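Everything below concerns the one structure shown next.
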Amino acid sequence: MAKKGRVFSGARPTGRQHLGNYLGAMLNYVALQEDYDCIYCIVDVHALTTLETTLDLRQNTYEMALDWLAVGIRPEESIVFVQSHVPQVMELHTYLSMVTPLGKLTDLPTFKEKAREQPHNVNYGLVGYPVLMTADIVLYKADLVPVGVDQAPHLEFARETVRSFNHRYNTQVLIEPQMKVTQVPKVIGIDGQQKMSKSLNNHIELAATPEETRQRVMQMVTDPQRIRRSDPGNPDVCNVFSMHKIFSSPEQVEMVNTECRRAGIGCVDCKKLFAENLNHHLQPFRQRREEISQNPDFVWDVLKDGAKRASQIAEATMVEVRQAIGLP
Ligand code: SF4
C-alpha cells in the first residue's frame with residue numbers, strides 16, 4: 001500500500017530506554033510505520049553539545065537501537081541510523097547557518113535554558129543546535145515530523161530556515177516540514193515530581209528485570225495526603241493511578257479508583273498490582289530484546305544498512321543544494 005509521506009524523527013543516544021521514552025516516542029514510532037515511510041535517527045552529534053564525556057556514547061547508541069528494534073521498529077521498512085554516519089548533514093548545517101541570524105538562535109527559550117543549565121559550556125554547537133536539527137529533517141526531505149506541542153517552536157524555526165534558504169538562493173529545493181502533533185502523555189517519574197528522566201534517576205527502565213521493576217514501582221510516590229493505610233486516598237493526584245490507567249484493565253482501574261477513596265486498598269497492594277501488569281505488558285518486549293541481544297552484530301548491521309539508505313537520499317539532496325547555492 002502506498003504510504004502517505006515521509007516522517008523523520010531523531011532522538012539522542014540515551015542508552016536503555018525508560019517508560020517515559022516508551023509512552024512518549026517509541027510507541028508512536030512503531031505506529032507511524034503503518035502509514036508513512038519512516039526515518040529514525042540516533043542523533044549522536046546533537047549529544048555532543050551537552051555531553052561531558054563520550055565514553056558511553058557507543059554503548060548508549062547500541063542499547064537505544066536495541067530497544068527500538070525490540071519494541072517493533074522494522075528496519076527492513078524504516079530507516080534506522082546514526083546521525084554521524086551520514087556526514088552530509090554537517091555540510092547542510094553549515095550552509096543553513098549562513099541564512100540564520102545569530103540573534104534568532106540566542107533568543108530561543110531552549111538555548112537560554114541550556115545556557116543556564118551548563119554555564120561553563122555554552123559552546124558554538126549548542127547555539128547552532130536548531131540549525132543542525134533543521135538540517136537533519138530537510139536533508140531527507142521529510143514531509144512530517146512528529147512533535148509534542150512543546151516542541152512546536154523548533155519546527156517553526158526549521159520551516160522559517162527553509163524559507164530563508166529557498167528565498168536566498170531562489171530555489172524550491174528544500175521542503176518545509178509539517179508538524180505532526182502527537183498527544184504525548186507527560187510521564188512523571190517515580191519521585192512523583194518531575195518528568196521521567198534517566199538523568200534524574202526517577203525512571204523505570206523497559207529492559208529492567210521484573211524484580212528490578214517491582215522495586216522501582218514500590219518506590220513510587222503516591223498521594224502525599226495518604227499517610228496511613230486507613231486514610232482514604234485521592235487517585236486523581238497519584239502517579240500510580242495514572243499508570244494503572246495505561247497498563248491495567250478497566251475493571252482494575254475502576255476498582256483502584258473506588259477502593260483507594262475509601263481506604264479499601266493500600267498503596268503497597270496497589271503498587272504490586274501495577275508492577276505485575278507492567279511486567280506482563282513488557283514481557284514480549286523483553287523477550288525480543290533478549291533474543292536480539294544474542295547477536296549484537298545484527299544491531300550494528302541494521303544501523304550500517306540504515307546509514308547506507310539514508311546516505312543515498314542525503315547525497316541526492318546535497319547535489320541539488322550545492323547547485324542551488326551555485327557552488328563551483
Ligand atoms: Fe495511589 Fe493506589 Fe495508593 Fe491510591 S491506593 S494513593 S491510587 S498508590
Which of the peptides 193-206, 135-148 is most tightly packed, and how do the rest follow, going by the mean number of other Cβ atoms within 10 Å of each residue?
135-148, 193-206
What lysines could a cross-link reach from LYS304, if we take a straight Cα to Cα line under 22 Å and drop same-chain neighbours fewer than 8 places away?
LYS141
Using 7 Å Cα-to-Cβ label points, what is the ARG228/ASN201 separation (nm, one decimal)?
3.4
If contacts are Cα pairs under 8 angstrom and at least 6 residues apart, what is the relative contact order of region 95-163 in percent?
37
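Can you figure out the FRET efficiency of LEU51 with VAL237, using R₀ = 35 Å and their beta-carbon distance, to the nearest 0.05? Walk me through the numbers before you get to the answer.
Working: r = 36 Å, r/R0 = 1.03.
For R0 = 35 Å, the calculated efficiency reads 0.45.
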Relative contact order of region 161-206 (C-alpha contacts under 8 Å, at least 6 apart) in percent is 20
Give me the three principal axis extents of region 171-304 from the C-alpha atoms, as integers in angstrom, largest value leading.
66, 44, 30
Would you please give the residues with an amide H less than 5 Å from that of ILE188, counting only those at least 5 places away or on a separate chain, with H modeled from the backbone geometry?
MET196
Mean separation of Cα contacts under 8 Å, 6 or more apart, over the residue count of region 223-328: relative contact order %:
20
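For a protection proxy built on the mean count of beta-carbon atoms within 10 angstrom, sort 303-313, 47-57 highest first, please. Before the final figure, lay out the partial values.
Details: 303-313: 17.2, 47-57: 13.5.
Per-residue Cβ counts within 10 Å, averaged per peptide and sorted highest first, yield 303-313, 47-57.
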Explain nothing, just the number: dipole magnitude of region 136-245 about its Cα centre with +1 on each Lys and Arg Cβ and -1 on each Asp and Glu Cβ, in debye rounded to the nearest 20.
80
Can you tell me the length gained on complete extension of the stretch ALA152 to GLU34, counting 0.36 nm per residue apart and subtracting the Cα distance?
40.1 nm
One finds, for LYS308 and MET98 with R0 = 22 angstrom and r their Cβ-Cβ distance, a FRET efficiency to the nearest 0.05 of 0.15
With everything on Cα atoms, drop me the angle between helix 57-71 and the longest principal axis of the chain, reported from 0 to 90° to the nearest 10.
70
Which residue, TYR95, TYR29, TYR124, tops the fluctuation ranking in a GNM of the chain built on C-alpha contacts under 10 Å?
TYR124
Can you list residues whose amide H is under 5 Å from VAL181's amide H, if they're 5+ apart or on another chain and H is modeled 1.01 Å from N?
VAL147
Test of understanding: what is the full-extension gain from GLU212 to HIS167, defined as 0.36 nm times their sequence separation minus their Cα-Cα distance?
10.7 nm
By how many nm would the segment from LYS272 to VAL221 lengthen if fully extended, with 0.36 nm per residue of separation less the alpha-carbon distance?
17.0 nm
What number in nm² do you get for the chain if you take the convex hull of its Cα atoms and divide its surface by four?
18.8
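Hey, what number do you get for the chain at 222 nm if only DSSP H runs of n ≥ 4 count, each worth -39500 (n - 2.57), divided across all residues, to the nearest 500? Spell out each step's value before the answer.
Details: 14 runs with 168 residues, N = 328.
Roughly -16000 deg cm²/dmol at 222 nm, from the helical runs in the chain.
We did not get these values from a lab; they are worked out from the coordinates using the rules stated. Worth saying up front: this structure is predicted, and the values here are computed from it rather than measured. Ideal geometry is used to build each Cβ from the backbone, glycine not excepted, and the neighbour counts take in all protein chains shown.
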